[in-house]
Structures are given as C-alpha cells and as structure tokens.
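Q: My structure is below; once you've seen it, I'll send some questions.
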Amino acid sequence: SEYRRALETAALLKLRGAIWQVDYQIRERDNGLIGNNSPQEWFLKFPEYLQLMALHHFYGPWPGGESMADVSVRLKAGILDTLRRECDGQRVVIVAHGETIQTLRVILEHTHADEFHRNVDENSRSFRVGNAQIIHYTSVNPDDPKDARDELTWVRSVNPYDESYAGHDWREIKHRSYSNRELLKLARK
C-alpha cells in the first residue's frame, strides 16, 4: 500500500534483497462518509447503512464508500492477476491494511460471502486481522515438503504480539464444490 504506515512497516521488515513495488490498489477500504467518525457517530448519522452492513458484512457498503465485495473486485483484477503474471514461482510479501488483508483471504482461501459474514458476526479468532498480523500461504505442504502443488493450498495466521487475539496453525485451503441439491439448499438459505 502507498499509505505511510504500510511503507514504514515494509521498510522496517528489513528483508534482504527486497524489491518493493507500491500500488494504490492495495489501499485500505474506502470508508466514504464515515471518515474518522467514532462508532457512536456512525449510529447517529448513518443508521440505514449500518442496518445494511448488519444484514451482510461482505456486500454492505459504507455510505459513499466501498463494500468488501468492491474491495475484492479491485484486488482480484488489479493485484492478484498481476502477481500471477509477473511473480509466478517467486516469494511475495504484501504489506497492507486489515480489511484489505481480510479481502485477500476471502479470495485466496475461496471463502463464501456468507462465511465471511458469519466470521465477522462471530468475531472469529481465526479470521481476525490485528496489527502486524502475518498471513502465510504456501503451495508446499508444511508436513510433507515433497507434496508441492501448482496453487496456494495451505495457510497459517500468526499474530506476533498477541497469540490469543488471532491466528491459527497450518490448515489446508479447501475448494468447495456443490451438488445441485447443495446449491438449492444454499439458495434457500
């Protein structure tokens, strides 16, 4: 991200031989009209938007700002497609902001929008993103280095400051497929 905090964080990582690229598309979610208002002011000024967001955290936009779905489109088309073309087979570090990282997780972990909503509603420890949170993806099985795949298949999340706040050990990313019956059940839900 081109925001100062992300630039400082990237530089302070002191990764040997790092070549950084700065991209405005990795910026934080556009909060629109809520700006720097406190949560108490949100309820007073924008009750209808907060109701929309409560209905669905992934699709509900900030007033005059972006929904997480909007951020997802921006990141997928602008960043992830570029990384696939230009950085295939390389190690990549992205330094970004909380909701941006959550959106990247939705894309890379094939998370359904309703699952995202549930994780936010439940304040799921395994899905939280705190300051300095590290989300690590790999195509090499952490338990069997001979098991390497063509795509990112494992993920872990580490919070170096407070392990009790967020994180999880390595887990396999599951690509969910649906039968006709399961699709109908999902549609009725």
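The values are calculated or read from the model by the stated rules, or taken from the named source; none is laboratory data. Since this is a predicted model, take the numbers as computed values, not measurements. Virtual Cβ from ideal backbone geometry, glycine too; neighbours counted across all protein chains shown. Please note that ligands, DNA and RNA were not included when accessible areas were found on the heavy atoms of the full protein model with its side chains. Shrake-Rupley method; radii C 1.70, N 1.55, O 1.52, S 1.80 Å.
Q: Tell me the residue from Gly64, Gly17 that is out of contact with any helix residue (DSSP H, G or I) (no Cβ under 9 Å at 6 or more places or on another chain), assigned to a loop (DSSP other than H, G, I, E, B) and at positive phi, please.
A: Gly17
Q: Additional query: Give the residues of the range 71-98 that are surrounded by fewer than 17 Cβ atoms within 10 Å (Cβ to Cβ), in a helix (DSSP H, G or I) and not basic (Lys, Arg), sorted by residue number.
A: Selection gives Val73, Ala77, Gly78, Leu80, Asp81, Thr82, Leu83, Glu86, Gly98.
Q: Scan the range 1-22 and report the pairs whose first residue is over 19 Å from Leu83 (Cα atoms) and whose second residue is in a loop (DSSP other than H, G, I, E, B) and open to solvent by less than 70 Å² (accessible area, probe 1.4 Å), with Cβ atoms within less than 6 Å and a gap of 6+ or a chain change.
A: Thr9/Val95
Q: Out of Val106, Val155, which single residue is among the β-branched types (Val, Ile, Thr), within 21 Å of Glu28 (Cα to Cα) and touching a Phe, Trp or Tyr at 6+ places or on another chain (Cβ under 8 Å)?
A: Within the list Val106, Val155, the selection yields Val106.
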